[in-house]
Amino acid sequence: MKIICIGRNYSDHAKELNNLVPDKPLVFMKPDTAILRKGRPFYYPEFSENIHYEAEVVLKICKNGRHIEEQFAHKYYNQITLGLDMTARDIQSELKKKGHPWEMAKAFDFSAVIGEFIPMDGFDPEGIDFHLTKNGEAVQNGNTKDLIFPFAHLLSYVSKYFKLHIGDLIFTGTPAGVGPITIGDKYEGFIGEQRLLKCEIR
Ligand code: MG
């Protein structure tokens, strides 16, 4: 399986990092070795001094497809959760300056923290409320109505380049409020009022 991630998909987040709002989706990937699941702790890696959390709604693909039309995109995912796109911001800044690829900053082991998946049934793809708490205090609040590129557009766009397989994950982008993690922090991720993700930093 593969993990497809979308960058700068909420304009408030693009602005907080002084990035322009893109005119088409910014896509990168993480390998399956990046997954950290089931509430396991995240161990601060030695190669970075500035790891940031980025809370994102994650879709799970349930049907193989390429060249998916937007109007049928909803048939290709049936579960969602909250995830953290862990990012080595110091490394990413260096890579950005040089125009280099982002993998070293984004795709390292355990950089894709995922919560428990729940059925998509009953959720409006363009109205999913989510938030992340750090040590009990909300640090990120988002709603998928604010996505620059909604789920249907993302699936359609991405599947022109990459065949989507059952089990693939799509990290759909983070809203404003990203920030550095510290050893000892406890994060909890919610969709609506449902807590789906727990992650402690060690
Ligand atoms: Mg992200």
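Is it the case, given these coordinates, that N18 is crowded, with 21+ Cβ neighbours inside 10 Å and either under 15 Å from P125 (Cβ atoms) or away from the ligand (no atom under 15 Å from the Cβ) (or both)? For N18, the condition - crowded, with 21+ Cβ neighbours inside 10 Å and either under 15 Å from P125 (Cβ atoms) or away from the ligand (no atom under 15 Å from the Cβ) (or both) - is not met. For region 46-58, the condition of being outside any strand (DSSP E or B), within 24 Å of K134 (Cα to Cα), of a type in the set (D, E, K, R) and in contact with a Phe, Trp or Tyr (Cβ under 9 Å, 6 or more places away or on another chain) holds for at least one residue.
Taken as a whole, the condition of being within 12 Å of the ligand (Cβ to nearest atom) and either without any contact (Cβ under 8 Å) to a residue 60 or more places away in the chain or at positive phi (or both) applies to L26.
Looking across region 21-45, just one residue is in a loop (DSSP other than H, G, I, E, B) and buried (at least 18 other Cβ atoms within 10 Å of the Cβ), and that is P25.
A count restricted to region 108-139 and to residues that are of a type in the set (S, T, Y) and crowded, with 19+ Cβ neighbours inside 10 Å stands at 1.
Where strands (runs of 3 or more DSSP E) fall wholly inside region 95-202, the ranges with 3 or more residues that are within 16 Å of the ligand (Cβ to nearest atom) are 112-114, 129-134, 137-143, 169-171.
Bear in mind these aren't lab numbers, they're just calculated from the coordinates by the rules spelled out. Since the model is a prediction, treat every value here as computed from it, not as a measurement. Reconstructed Cβ throughout: ideal geometry from the backbone, glycine too, with neighbour counts over all protein chains shown.
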